[in-house]
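What follows is one structure encoded as structure tokens, with my remarks underneath.
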Amino acid sequence: MLRSANEISTKFLQVKKLMPFPFRQFTTVGIGGDAPLAFFPRDFSTMIEIVSYCRKEQIPFFVLGRGSNVLASDAGFDGVVLCTHELDRVQVCDGWVDAYCGANIGKILSEVAKRGMGGLAFLAGIPASLGGAIYMNAGACGTYIESVVTEVTIFDGVSLQKINVSECNYFYKRSRFMWSNEIILGARLRLQKTGKEKALREIRDSLRVRAQLPTGKSLGCVFMNPEQVSAGYLIERSGLKGVCCGDAKISEEHANFIVNMGHATAEEYKKLIQMIKERVFSETGVVLREEIRYIGEF
Ligand SMILES: Cc1cc2nc3c(=O)[nH]c(=O)nc-3n(C[C@H](O)[C@H](O)[C@H](O)COP(=O)(O)OP(=O)(O)OC[C@H]3O[C@@H](n4cnc5c(N)ncnc54)[C@H](O)[C@@H]3O)c2cc1C
């Protein structure tokens, strides 16, 4: 980094911070080295101030939600992490919910259901923040968050803006945010008036289906599904279920999950990813692409 973590941290004395910041404790897979400094801003203006400072001073930064789709390098990340955990306001209105980027999906669903509204049950059980879900176009069983987003509040480095869903360039597990470097501050999601009981029942049904997914420390599905076939099926067909590299293991229950059995390193995890790509290509001719995001050098 061009400036030391101490120097940067003194610019934002009032903001909650962690020095160093251990990725293994802030990612669902429990892997990764440290970053020298992480901030946990509580409001949009602080987030914007820090981002603007980092940009001006050319300090690398990374926005982290719940860390459920990121593999951090064993060497960590030489920059500032902006954790959205504390930007977690949720406001339910008649027909929509406004939430900040750090609000976790479970919290949004329960606030919405409490007020007798639904329409988001397909997101139940995804261990995401709203910002991460908007960025990744999260979803399940063929329904993605793009189908309920009406607008997203972003900071583009210059100003705060509201953009509508048609401007998000959504595709399967793809959004404009992957290329734009914009910060997602919050979003508005459309709701249906279902009544509390139906809303809760739909969430329970969704969670029941998900109960079959592998437990343990993972990043969910590592690869995107190629057209008309699931990546998990191709990995299984290539004979890779249960294969390990150190403590990283291709799940026996769902071959698109790589589970950290204890002390897996990012290097081991990445080696398995590479092995899967090579084997699936040689067995089936299909090129698999990662859904997960990488932080730091690999
Ligand atoms: C057990 C398990 C099950 C899962 N099941 C599903 C599933 O059913 N469907 C599905 O789609 N995914 C699933 N996932 C993957 C993951 O939960 C989603 O991709 C989720 O959307 C990631 O959200 P997050 O807050 O954890 O984001 P992170 O992992 O923290 O970040 C992901 C990316 O989003 C960016 N980002 C996060 N917040 C912001 C922000 N405010 N502004 C700009 N960029 C931001 C990060 O920089 C990073 O590039 C699963 C993961 C696990 C561990």
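Please indicate, with yes or no, whether at least one residue in the stretch 81-94 is surrounded by 20 or more Cβ atoms within 10 Å (Cβ to Cβ) and more than 13 Å from the ligand (Cβ to nearest atom). Looking through the stretch 81-94, none of the residues is surrounded by 20 or more Cβ atoms within 10 Å (Cβ to Cβ) and more than 13 Å from the ligand (Cβ to nearest atom).
Given the options Val259, Val286, name the one that is in a loop (DSSP other than H, G, I, E, B) and more than 23 Å from Trp179 (Cβ to Cβ). None of the other options fit; the residue is Val286.
Each row is one residue, and each column tells you yes or no for (1) without any contact (Cβ under 8 Å) to a residue 24 or more places away in the chain; (2) of a type in the set (Val, Ile, Thr); (3) assigned to a helix (DSSP H, G or I).
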position: Asp74; (1), (2), (3): no, no, no
position: Phe77; (1), (2), (3): no, no, no
position: Val81; (1), (2), (3): no, yes, no
position: Glu86; (1), (2), (3): no, no, no
position: Gln91; (1), (2), (3): yes, no, no
position: Val97; (1), (2), (3): no, yes, no
position: Lys107; (1), (2), (3): yes, no, yes
position: Val112; (1), (2), (3): no, yes, yes
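Tallying residues that are in contact (Cβ under 8 Å) with a residue 24 or more places away in the chain, not in a loop (DSSP other than H, G, I, E, B) and not aliphatic (A, V, I, L, M) within the stretch 205-238 yields 8.
When the stretch 262-283 is filtered for residues that are free of Cβ contacts under 8 Å to residues at least 60 places away in the same chain and not in a helix (DSSP H, G or I), the ones remaining, listed by number, are Gly262, His263.
Screening Ile258 with (1) farther than 23 Å from Leu120 by Cβ; (2) among the aliphatic types (A, V, I, L, M); (3) over 19 Å from the mean Cα position of the chain (by Cα) gives one miss only, at (3).
Contact map, the stretch 148-168: residues that are within 21 Å of Thr84 (Cα to Cα) paired with residues that are of a type in the set (Ser, Thr, Tyr) and at pLDDT 95 or above, Cβ distance under 7 Å, separation 6+ or inter-chain. Pairs shown: Leu160/Thr153; Lys162/Thr153; Cys168/Ser175.
Assessment of the stretch 31-50 against the conditions (over 24 Å from Arg188 (Cβ atoms) and surrounded by fewer than 14 Cβ atoms within 10 Å (Cβ to Cβ)) yields no matching residue.
Please work out if Ile154 is buried (at least 21 other Cβ atoms within 10 Å of the Cβ), among the β-branched types (Val, Ile, Thr) and under 16 Å from the mean Cα position of the chain (by Cα). When the stated conditions are applied, Ile154 does not pass them. Taken over the stretch 14-58, residues that are assigned to a loop (DSSP other than H, G, I, E, B) and hydrophobic (A, V, I, L, M, F, W, C) amount to 5. Looking across the stretch 184-193, the residues that are more than 20 Å from the chain's Cα centre (by Cα) and either in a strand (DSSP E or B) or free of Cβ contacts under 8 Å to residues at least 24 places away in the same chain (or both) come down to Arg190, Gln192, Lys193. Take Lys196 and tell me if it is under 22 Å from the mean Cα position of the chain (by Cα) and either in the same structural domain as Val149 (by TED's automatic domain parsing) or not aliphatic (A, V, I, L, M) (or both). No, not satisfied. Looking at Ala138, is it within 12 Å of the ligand (Cβ to nearest atom), crowded, with 21+ Cβ neighbours inside 10 Å and at pLDDT 95 or above? Yes.
The set of residues from the stretch 125-180 being aromatic (Phe, Trp, Tyr) and over 24 Å from Leu200 (Cβ atoms) comprises Tyr135, Phe155, Tyr170, Phe171, Tyr172, Phe177, Trp179. Residues in the stretch 119-135 that are within 11 Å of the ligand (Cβ to nearest atom) and either hydrophobic (A, V, I, L, M, F, W, C) or surrounded by fewer than 20 Cβ atoms within 10 Å (Cβ to Cβ) (or both): Phe122, Leu123, Ala124, Gly125, Ile126, Pro127, Ala128, Leu130, Ala133, Ile134.
Any residue in the stretch 51-60 that is at pLDDT 95 or above and within 13 Å of the ligand (Cβ to nearest atom)? So far as the stretch 51-60 goes, yes, one or more of its residues are at pLDDT 95 or above and within 13 Å of the ligand (Cβ to nearest atom).
Could you tell me whether Gly116 is in the same structural domain as Ala199 (by TED's automatic domain parsing), more than 9 Å from the ligand (Cβ to nearest atom) and either at pLDDT below 95 or closer than 21 Å to Asn164 by Cβ (or both)? So Gly116 fails the test. Being at pLDDT 95 or above and over 30 Å from Asp156 (Cβ atoms) narrows it down to one residue among Glu227, Glu202, Glu182; which is it? Selected residue: Glu202, the only one of Glu227, Glu202, Glu182 that is at pLDDT 95 or above and over 30 Å from Asp156 (Cβ atoms).
The values are calculated or read from the model by the stated rules, or taken from the named source; none is laboratory data. Everything numeric here is computed off the predicted structure, so don't read it as measured data. Note: ideal-geometry Cβ built from the backbone for every residue, glycine included; neighbour counts use all protein chains shown.
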